Amino acid sequence: MLLNKKSVLTEKFAEIMDLKNLFPDEPLSRHTSFRIGGPAAFYAICENETELKDAIRICKEENVKFFLLGNGTNVLAADEGYDGVILRLGGDFNLISIREDINDGSAFITSGAGVALTQLSMYALKKGFTGLEFAHGIPGSVGGGIFMNAGAYGGELNDTLVSVKVMAPDGEIKEVTKEEAEMGYRTSRFEKTGEFILSGTFHLKVYPRIPIRTMMEEYKRRRIEKQPLDLPSAGSAFKRPEGNFAGKLIEEAGLKGFKVGGAAVSEKHAGFIVNTDNATAADVEAVIENVREKVYKNSGVMLEPEIRILK
Ligand SMILES: Cc1cc2nc3c(=O)[nH]c(=O)nc-3n(C[C@H](O)[C@H](O)[C@H](O)COP(=O)(O)OP(=O)(O)OC[C@H]3O[C@@H](n4cnc5c(N)ncnc54)[C@H](O)[C@@H]3O)c2cc1C
């Protein structure tokens with residue numbers, strides 16, 4: 001991005017938000033769980049809806065591309081970085097509220113898109129409501145989780161989701177029902193519409209805290225046992241193919257430990273690609289392509305990447 005453009009952006013952003021939330025030339029490797037990615041020309045944390053709306057307006061006025069990043073746990077950021085504005089959600093987007101229904105003992109929990117999924121599940125536990133135990137340990141945010149319809153151990157956000165508050169690309173704020181959100185396996189309508197998820201409301205049932213906690217601890221134990229949590233990754237690299245498991249197909253193709261540069265198919269869980277030693281995005285992409293090709297040759301199944309590439 002031209003220096004001139006950067007200074008115009010800095011000036012305009014400084015008018016709408018606190019300077020402490022603006023970062024020119026911010027390395028994306030600091031904001032992705034893969035610990036990979038060159039600098040974003042500009043990186044801004046929006047603390048409320050007005051700031052987000054104004055930030056998008058400025059990007060459009062200045063004709064620069066922008067991307068809303070959640071916790072960066074499902075993205076691979078390019079080595080050359082991002083020649084545009086990376087937006088993050090902070091401040092008001094980290095709030096959670098609850099409305100209990102005394103008639104049936106259920107509760108509607110509304111969570112800002114910036115809240116971590118683990119934090120939301122802990123909140124539900126603290127209040128004594130069941131339905132989000134599976135989300136404990138998924139390192140993404142509520143916004144990224146709804147976008148991806150995150151799930152684990154037989155549960156997914158769609159199970160308890162009631163509605164999603166969004167900002168349309170033109171700045172209009174509206175409530176989208178669960179049906180309208182078109183949640184599918186690791187997908188939602190938000191992939192197509194470009195809407196920004198501001199918050200999500202979940203309907204949970206009252207439940208004793210001890211079994212909720214036990215379930216969460218069990219999921220944590222299973223993650224530690226099965227997943228390579230000691231190495232940077234973006235979780236499962238591929239979507240689960242119909243009637244099969246990506247990890248199993250990769251292992252059967254003899255690719256456990258397969259390596260390009262600093263990126264490798266995990267020895268512990270073949271569904272994960274891990275950054276073993278200063279991997280570049282190009283290394284990870286090469287592993288993805290090799291795995292797809294070799295698994296296809298071995299089993300006839302073409303794996304679809306779950307990881308999203310940020311360029
Ligand atoms: C160790 C590990 C374990 C994991 N385990 C699981 C698991 O069990 N189950 C599972 O489903 N996933 C898992 N993941 C993947 C990841 O955590 C989820 O996909 C999560 O939902 C991504 O959320 P995020 O906030 O990190 O989104 P990001 O990775 O930052 O973004 C993902 C996409 O969501 C979009 N997005 C983010 N926030 C918003 C918003 N507010 N509005 C609109 N779009 C938005 C981004 O633009 C991007 O396209 C794992 C990842 C790791 C590293």
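Here, each number is a calculation from the coordinates, and none is a lab measurement. What you see is a predicted model, and the numbers here were worked out from it, not measured in a lab. Here Cβ is always computed from backbone atoms with ideal geometry, including for glycine, and neighbour counts include all displayed protein chains.
Taking a ≥ b ≥ c as the square roots of the Cα gyration tensor eigenvalues, segment 3-92 comes out oblate, since a/c reaches at least 1.5 and a/b does not exceed b/c. Put a plus charge on the Cβ of each Lys and Arg, a minus charge on the Cβ of each Asp and Glu, and nothing anywhere else: the dipole of segment 228-310 about its Cα centre is then about 160 debye. Listed values for segment 135-142 are Karplus-derived 3J(HN,Hα) couplings in whole Hz (6.51 cos²θ - 1.76 cosθ + 1.60, θ = phi - 60°), namely 6, 5, x, 7, x, x, 9, 5, and x replaces Gly and Pro. GNM on the chain, alpha-carbon springs under 10 angstrom: the most fluctuating residue among LYS226, LYS174, LYS192 is LYS192.
For a quick check: sort LEU117, LEU132, LEU2 by the number of other beta carbons within 10 angstrom, fewest at the front.
In order of increasing Cβ crowding within 10 Å: LEU2, LEU132, LEU117.
Could you work out how far the C-alpha centroid of segment 243-311 sits from that of segment 35-80, in angstrom? For segment 243-311 versus segment 35-80, the Cα centre distance is 27 Å. Partner lysines whose Cα lies under 16 Å from the Cα of LYS178, excluding those fewer than 8 positions away in the same chain, are identified as LYS165, LYS192. Annotation: the residues ARG209, ARG221, sorted from fewest to most other C-beta atoms within 10 Å of their own C-beta, follow the order ARG221, ARG209. Rank ALA246, VAL291, GLY171 by how far each Cα sits towards the positive end of the charge dipole of segment 155-311 (+1 on Lys, Arg Cβ; -1 on Asp, Glu Cβ) and give me just the farthest. So the residue we want is ALA246.
Arrange ILE96, ILE146, ILE102 by Cβ neighbour counts within 10 Å, fewest through most, would you?
Listed from fewest to most nearby Cβ atoms, that is ILE102, ILE96, ILE146.
Based on the alpha-carbon gyration tensor of the chain and its eigenvalue square roots a ≥ b ≥ c, which shape applies: rounded if a/c is under 1.5, prolate if not and a/b is larger than b/c, or oblate? Spell out each step's value before the answer.
On the way: a/c = 1.87, a/b = 1.04, b/c = 1.80.
Verdict is oblate for the chain.
The Cα atoms of segment 95-216 give a gyration tensor whose axes a ≥ b ≥ c have a/c of 1.5 or more with a/b greater than b/c, which makes the shape prolate.
Rounded to the nearest 500, the 222 nm mean residue ellipticity of the chain from helices alone is -9000 deg cm²/dmol, with -39,500 (n - 2.57) taken per DSSP H run of at least 4 residues. Checking the Cα-Cα distances for LYS205/LYS226; LYS259/LYS297; LYS20/LYS220; LYS65/LYS268; LYS220/LYS294; LYS6/LYS53 against a 27 Å cut-off, the pairs over it are LYS205/LYS226; LYS20/LYS220; LYS65/LYS268; LYS220/LYS294.
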